[in-house]
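Colleague: Structure in C-alpha cells, see below.
Throughout, read-outs are computed from the coordinates displayed, never taken from laboratory work. Source: prediction; values computed, not measured. Here the Cβ is made from the backbone with ideal geometry for all residues, glycine too, and neighbour counts use every protein chain on show.
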Amino acid sequence: MIRKHCLFCLFLLFAICQAKAARIDTLSVKSSKMGKSIEVLVFVPEPCTEGKEYPVIYLLNGYSGNAHSWPNIKPELPEMVDRDGIIAVCPDGQDSWYWDSPTQSGSQFETFVSSELTSYIDSHYPTVSDRTGRAITGFSMGGHGGMWLSIRHKDIFGAGGSISGGLDIRPFPDNWDMKKQLGEEKQNQARWDAHTAITQLDKIKNGDLALIIDCGTDDFFYEVNCQFHEALLKRGINHDFISRPGVHDGRYWNNSLDYQWLFFKKYFDGYRDYRKK
C-alpha cells in the first residue's frame, strides 16, 4: 500500500513538472521585404493563462549562428520562460549584423526584426504589444544588433542589451563578412560610419531606453565596449555596464544572460506595477 502511494506521488510530481514546461514553437516567418521566410523559435510559458499578456525578450544570435544558438547556449531557457512569465523569441540572424544592407536585398534584418517579426509575434501570441513589453539583446553580432535595433527603434523596444557585442565595427573591416554587406571599408567609410551602433547614440537621450551592456575583460570586443560605455556616460545616459574576467565564448554568454534577463524582468515588472495603479 505504501509502495503504491509512493508511486502515485512520483507520477503526480512528474505530471506537474510535465504540465509546466515551456512550449517551443518552430516557425517560418515570411519577410515581405526580403522575399523569403526566416526560421524563428518562440518559447511560450506553459500553461499560458487565458487573457494574460506576456512581455517578450528577443534574443539575437552571433555570426555563424542561427535560431537554435541561444537554446544551445542556454539550455535553461524554457525554465526561465516558465518561471518569470516571459516569452522568448529567437530569430535566425543569417550573418546579417541586423542591418538593412545597402548592397544585399536578401539581408534586410533591421526591417525584419524591428517591424515584420514584432508584428507577427504580437498578432499570434498574447503579448504586451507595446514598447514597455519588449526587450532585445544578443551575443557578439547579436550584441551589436541589440544596441542597433533598440536605439534606432526606441518606439518598438523599451529595453536593449548587448553581450560581448561588436558595438563599433570599424576596427574590424576584414572580419565576419561585413564587407559583403557594406562594401570595402576604405572605399565606403561613410557607409561604415553609418552602420555601427556607437554612432547611433545621438538618437537617444537619458530615459529613452533601459540599457545593459556586458563584456568580458579578455574579449576582443572589450575595448569597443568600454568606448561605448564611456560615450553613454559622456552623454549622461544611464545604463548598466558589467565587466568581469571572461572571453568571447558560450560559457560567458550563458552566465551573462542571467544578469540581462533579471534586468529586463525588473524593467517589465516596473511597468506592470505602474499599470496596476
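Colleague: Of all residues in segment 167-217, which are within 23 Å of the chain's Cα centre (by Cα) and polar (S, T, N, Q)?
Modeller: Within segment 167-217, Asn175, Gln181, Thr196, Thr199, Gln200, Asn206, Thr217 meet the criteria.
Colleague: Give me the residue from segment 95-121 that is more than 14 Å from Val40 (Cα to Cα) and among the charged types (D, E, K, R) and, out of that set, nearest to the chain's Cα centre (by Cα).
Modeller: This residue is Glu110.
Colleague: Restricting segment 37-68 to residues that are without any contact (Cβ under 8 Å) to a residue 60 or more places away in the chain and more than 25 Å from Thr132 (Cβ to Cβ), which is surrounded by the most Cβ atoms within 10 Å (Cβ to Cβ)?
Modeller: Ala67
Colleague: What are the pairs, 6+ residues apart or on separate chains, where a residue within segment 185-208 that is closer than 13 Å to Ser150 by Cα has its Cβ under 7 Å from a residue that is surrounded by 15 or more Cβ atoms within 10 Å (Cβ to Cβ) and among the small types (Gly, Ala, Ser)?
Modeller: Ile198/Ala231; Leu201/Ala231
Colleague: Quick check on segment 143-164: of everything there that is in contact with a Cys (Cβ under 9 Å, 6 or more places away or on another chain) and outside any helix (DSSP H, G or I), which residue is farthest from Asp269 (Cα to Cα)? Reasoning before the result, please.
Modeller: Restricting attention to segment 143-164, the residues satisfying the condition of being in contact with a Cys (Cβ under 9 Å, 6 or more places away or on another chain) are 143, 162-164.
Narrowing further to those that are outside any helix (DSSP H, G or I): 162-164.
Working: Ser162: 21, Ile163: 22, Ser164: 26 Å.
Ranking the qualifying residues of segment 143-164, first place goes to Ser164.
Colleague: Can you work out which of the residues in segment 228-263 that are surrounded by fewer than 16 Cβ atoms within 10 Å (Cβ to Cβ) and either touching a Cys at 6+ places or on another chain (Cβ under 7 Å) or in contact (Cβ under 8 Å) with a residue 60 or more places away in the chain (or both) is nearest to Met141 (Cα to Cα)?
Modeller: Going through the qualifying residues, I end up with Gly250.
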